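To start, the structure under review is shown below, and the notes come after it.
We did not get these values from a lab; they are worked out from the coordinates using the rules stated. None of these values were measured; they are calculated from a predicted model. Please note: Cβ atoms are built from the backbone with ideal geometry, for glycine as well, and neighbour counts cover all protein chains shown.
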Amino acid sequence: MSIEKDTKPSGYDKLKAYRHIVMGIMYLCFAVVMFYLKQFGAIELSAGVAYSLGGLLVVYGGFRIWRGIMDAKAMSGK
């Protein structure tokens, strides 16, 4: 009798992969808003801080999207 886990992805695993992708898109949208608001002077941040924060949001959003895609590919390969 074997105590191996079922290799089928659960519903939570699928949801987790899609959640990574959606959150990555949201972070990218936040970065665009940050750049847009700084361009038109709607926020009181220095240019260096605004662009650094926007750049970090772009990098982290891209990472979340990449991680979601890799999780989705791993589930489809099982």
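Counting other C-beta atoms within 10 Å, which of 21, 69 has the fewest, and how do the rest follow?
69, 21
Sort 15, 57, 28 so that the residue with the fewest other Cβ atoms within 10 Å of its own Cβ comes first and the one with the most comes last. Mind showing how you got there, number by number?
Values: 15 10, 57 20, 28 17.
Least to most surrounded, the residues fall as 15, 28, 57.
Considering Cα pairs under 8 angstrom that are at least six residues apart, work out the relative contact order of region 11-77 and quote it in whole percent.
Normalised by residue count, the contact order of region 11-77 is 53 percent.
For an R0 of 22 angstrom, estimate the FRET efficiency from the Cβ-Cβ distance between residue 35 and residue 67 and round to the nearest 0.05.
0.40
Taking the Cα centre of region 11-77 as origin and charging only Cβ (+1 Lys, Arg; -1 Asp, Glu), how large is the dipole, in debye to the nearest 20? Numbers along the way, then the final one.
Working: 7 positive and 3 negative charges, 47 e Å.
With only Lys, Arg, Asp and Glu charged at Cβ, the dipole is about 220 debye.
Using the Cα centre of the chain as origin and beta-carbon charges of +1 (Lys, Arg) and -1 (Asp, Glu), tell me which of 58, 23, 40 is placed farthest towards the positive end of the dipole.
Projecting each Cα onto the dipole axis, the largest value belongs to 23.
Just want the ordering: 16, 38, from fewest to most Cβ atoms lying within 10 Å of their own Cβ.
16, 38
Between 0 and 90 degrees, rounded to the nearest ten: what's the tilt of helix 11-39 against the longest Cα principal axis of the chain?
Roughly 10 degrees between the two axes.
Which of these values of Rg and Dmax of the Cα atoms in Å was calculated from the structure shown: [x] 11.4, 32; [y] 19.4, 65; [z] 18.1, 67?
[z]
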